């Protein structure tokens, strides 16, 4: 028996990361969804901390330390888990979502994960995919076929362009093998900004 091919052809991507301007558009769009506090918090933490979709889904309430202003990131794929500082605006963003989250729970059983669905269940990777896809379309970025891992790549490329050394990026993203980090150094245009010619 011959099975018909999937009529939805996978869209070819010209690159696997977003520029800072595109990230800003995506984050702005996340503030206009049905659940803006949650969706903005999700995307902001993903792109600021280089979170995989599965890592974002598994963030627990006990991983967030607002008083100390840090976040414990448990890496997947044999990555190196570490604690990150919470950067500008993140504490307020998390507090806003936690207030909304508390109203959603309202005495019901709490799954303990930071991000929950409207049904008060932990987030799934497919839910992250849908949120990012919808936000990308709303932001006018549909042609880039944005997917969750592009946010992690965007983190790495942005760190390179701001001058962070490869070892520091490796530690921040939790790569066990530095070869996974080196790929971010290739397309960094700012590396050539101070190049001078003798001809």
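Okay, here's what the table says:
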| quantity | calculated |
| --- | --- |
| Of residues in segment 101-116 being under 18 Å from residue 35 (Cα atoms) and exposed (fewer than 15 other Cβ atoms within 10 Å of the Cβ), the one modelled with the lowest pLDDT | 106 |
| Filter result for the condition that a residue is in a helix (DSSP H, G or I) and either modelled with pLDDT under 95 or under 16 Å from residue 137 (Cβ atoms) (or both), over 5, 25 | 25 |
| Subset tally (residues that are free of Cβ contacts under 8 Å to residues at least 12 places away in the same chain and closer than 20 Å to residue 168 by Cβ) for segment 73-114 | 1 |
| Residues within segment 133-174 that are within 18 Å of residue 45 (Cα to Cα), in contact (Cβ under 8 Å) with a residue 40 or more places away in the chain and not in a helix (DSSP H, G or I), tallied | 2 |
| Residue count for segment 175-196, restricted to those that are assigned to a helix (DSSP H, G or I) and modelled with pLDDT under 55 | 1 |
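The values are calculated or read from the model by the stated rules, or taken from the named source; none is laboratory data. A quick note: this is a predicted structure, and the numbers were derived from the prediction, not measured. Heads up, the Cβs are rebuilt from the backbone with ideal geometry, glycines too, and the neighbour counts pull from every protein chain shown.
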